[in-house]
Amino acid sequence: MWVPIPDRRGDDSTRMHFSRLQWLFPVAVTLHNTEEAIWMPAWAANHAAQLPLHPPGAVEFRSLLAVITIAAFLFTYLSERRGPDSIWAYLTFGYIVAMLANVFAPHLPATLMYRSYTPGVVTAVLVNLPVMSILALRSLREGWVSGWKAAAFAVGVPLLLSGSILAVFVIGGMIL
């Protein structure tokens, strides 16, 4: 006997809203940063002569990863508490875009350039690419962020994060 399955596409009651779905963001960041924390210090030491900047030491690098991982949880917590159109929703959105951009610079190009595994590429492609894409689209679609502010945070937060990481590399190079 054939029983039709109801079409639930229009049924909003079974759909997870961005307010809860955004918690995938710090989980994905944690997975990605853990992969980098485990493998990056040794990889960077082995490739130091090929890198444009001297990499920071393992302690400095892992400390940076810890700070940006904690920031992901803090931004998400405050985004959920303050809700749509809050500064925290925009900061979370910008950070989501930064992690999405991080797939394409530096992970995929570095893997192609070195023709081998680069730390972070597995979680960047298998976790961050799909998760961050979905979260960015859902935050826009559900009105958590919008307009020029969303565009400004989508550009500004990645630039700020990459600038901070670059500063750690520069400072690490001066110290070592």
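Any read-out appearing in this document is the output of simple, stated calculations on the displayed coordinates, not a laboratory observation. Keep in mind that this is a model prediction, so the values were computed, not measured. Glycine gets a Cβ as well: all are built from the backbone with ideal geometry, and neighbour counts include every protein chain shown.
A few notes on this one:
- Helix-only [θ]222 nm of the chain, DSSP H runs n ≥ 4, -39500 (n - 2.57) each, per residue, nearest 500: -22000 deg cm²/dmol
- Based on alpha carbons, the Rg and Dmax found for the chain are 18.5, 74 Å.
- Vicinal HN-Hα couplings computed from phi for the stretch 135-152 (Karplus, 6.51 cos²θ - 1.76 cosθ + 1.60; Hz; Gly/Pro x): 5, 4, 5, 5, 5, 6, 4, 8, x, 5, 9, 6, x, 5, 5, 4, 5, 5
- Computed from backbone phi with θ = phi - 60° and the Karplus coefficients 6.51, -1.76 and 1.60, the 3J(HN,Hα) list for the stretch 68-78 is 6, 6, 4, 4, 4, 5, 5, 4, 5, 4, 5 Hz; x is used for glycine and proline.
- Dipole magnitude of the chain, debye to nearest 20 (Cβ charges: Lys/Arg +1, Asp/Glu -1, about Cα centre): 160 debye
- Protection proxy ranking, peptides 79-85, 25-31, 134-140, 162-168, average beta carbon neighbours within 10 Å, highest first: 25-31, 134-140, 79-85, 162-168
- 5 Å binning of all Cα-Cα separations within the stretch 65-118, expressed as whole percents from 0 upward: 5, 19, 19, 18, 14, 11, 8, 5, 2
- Phi angles across the stretch 96-108 convert, under the Karplus curve 6.51 cos²θ - 1.76 cosθ + 1.60 with θ = phi - 60°, into 3J(HN,Hα) values of 4, 5, 4, 5, 5, 5, 4, 5, 8, 8, x, 4, 5 Hz, Gly and Pro given as x.
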